[in-house]
Structures are given as C-alpha cells and as structure tokens.
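Colleague: Mind having a look at this structure? Questions to follow.
The values are calculated or read from the model by the stated rules, or taken from the named source; none is laboratory data. Treat the numbers as computed from the prediction; the structure is a model and nothing was measured. Glycine also receives a Cβ, built like all others from the backbone with ideal geometry; neighbour counts cover every protein chain displayed.
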Amino acid sequence: MYQTIQTAKAASAIGPYSQAIACKGLLFTSGQIPVDAGTGEIVGTEIHAQAEQVMKNISAILEEAGTEFGKVIKTTCFLADMEDFAVFNEVYGKYFVNKPARSCVAVKTLPKNVLCEVEVIAEL
C-alpha cells in the first residue's frame, strides 16, 4: 500500500499526478517547479530565484510527509540550460547539506518554460 502526500503549501500538480507518494518507508516526490502555492504563478525569471522556490516547494512536501532535507537519499535535477549549473548548485547546496546521490541533466524544455525542476526520494 501507499499513501498520497498533498499539501497546500506547495504548488499543486499541473497534471494527473500526485505531489508525492509514501511507500515502504520512502517518499517519492514528483518534480517540483518554481510555482508559488498561493498565487499559482512562476517565481522569478532567473535561476537563483526559481531554484529557491523549488526548494521551498520540496520543503513543504517533505514536512507534510514527516521528513526533512537531511533524509533525502536521491535527487534528480533538470535544468533548461547547463550554463545555470553553478548558480543552481549554490542554492541546492544550502538545502542538501547531506549530499544525497544526484543526477542533473539539461533538458530541452521544462513545464511552463521554467529554468529548473527537482524531484527527490527521501527516507520517512
């Protein structure tokens, strides 16, 4: 069995999927983009502001599930442009101090034309 995790403190799913699923002691989040939960609008036009909002959304989902950044064991990061890698890493490093396993790739286009998206797997 699994449990669907949903919080109003993070952006709602923009398609037929859940914010996260808890299953067998693990949390699997869907990719989080820099959408403000209160307004539904994209936050910022540059990578630093967008990455910060993504981390806020991830934080809200982790909190709702009863876990935290320190229990994240794997991340997958998507960037619209690898030129943003260094700035993205600055923001990322403030939150993922435990240095979970990570993949980071550049993609052609992200939802709503945002600059970054992150999904995580965390221990509950």
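Yes/no matrix, rows are residues, columns are (1) farther than 18 Å from residue 3 by Cβ; (2) surrounded by fewer than 18 Cβ atoms within 10 Å (Cβ to Cβ):
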{"site": "21", "(1), (2)": "no, yes"}
{"site": "36", "(1), (2)": "yes, yes"}
{"site": "76", "(1), (2)": "yes, yes"}
{"site": "80", "(1), (2)": "yes, no"}
{"site": "94", "(1), (2)": "yes, yes"}
{"site": "98", "(1), (2)": "yes, yes"}
{"site": "120", "(1), (2)": "no, no"}
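Colleague: Among the listed residues 25, 15, identify the single one that is surrounded by fewer than 16 Cβ atoms within 10 Å (Cβ to Cβ), in contact with a Leu (Cβ under 7 Å, 6 or more places away or on another chain) and not hydroxyl-bearing (Ser, Thr, Tyr).
Modeller: Result: 25 is the single residue among 25, 15 that is surrounded by fewer than 16 Cβ atoms within 10 Å (Cβ to Cβ), in contact with a Leu (Cβ under 7 Å, 6 or more places away or on another chain) and not hydroxyl-bearing (Ser, Thr, Tyr).
Colleague: A further question on this structure: Whether any residue in segment 33-47 is under 16 Å from residue 120 (Cβ atoms) and modelled with pLDDT of 95 or more is what I want to check.
Modeller: Among the residues of segment 33-47, at least one is under 16 Å from residue 120 (Cβ atoms) and modelled with pLDDT of 95 or more, which makes the answer yes.
Colleague: Filter segment 45-87 down to residues that are among the aromatic types (Phe, Trp, Tyr) and assigned to a helix (DSSP H, G or I), then give me how many there are.
Modeller: So the first thing to find is which residues in segment 45-87 are among the aromatic types (Phe, Trp, Tyr), and the list is 69, 78, 85.
If we keep only those that are assigned to a helix (DSSP H, G or I) too, we end up with 69, 85.
Matching residues across segment 45-87 total 2.
Colleague: Inside segment 3-16, can you point out the residues that are of a type in the set (Ser, Thr, Tyr) and modelled with pLDDT of 95 or more?
Modeller: Matches in segment 3-16: 4, 7.
Colleague: Okay, next question. Within segment 104-118, which residues are in a strand (DSSP E or B) and within 13 Å of the chain's Cα centre (by Cα)? Can you show your working first?
Modeller: Residues of segment 104-118 that are in a strand (DSSP E or B), as a first pass: 104-106, 116-118.
Hits for segment 104-118 are 104, 116, 117, 118.
Colleague: I'm trying to understand the selection: among the residues of segment 15-71, which are hydrophobic (A, V, I, L, M, F, W, C) and without any contact (Cβ under 8 Å) to a residue 60 or more places away in the chain?
Modeller: 20, 21, 23, 37, 43, 49, 60, 61, 69
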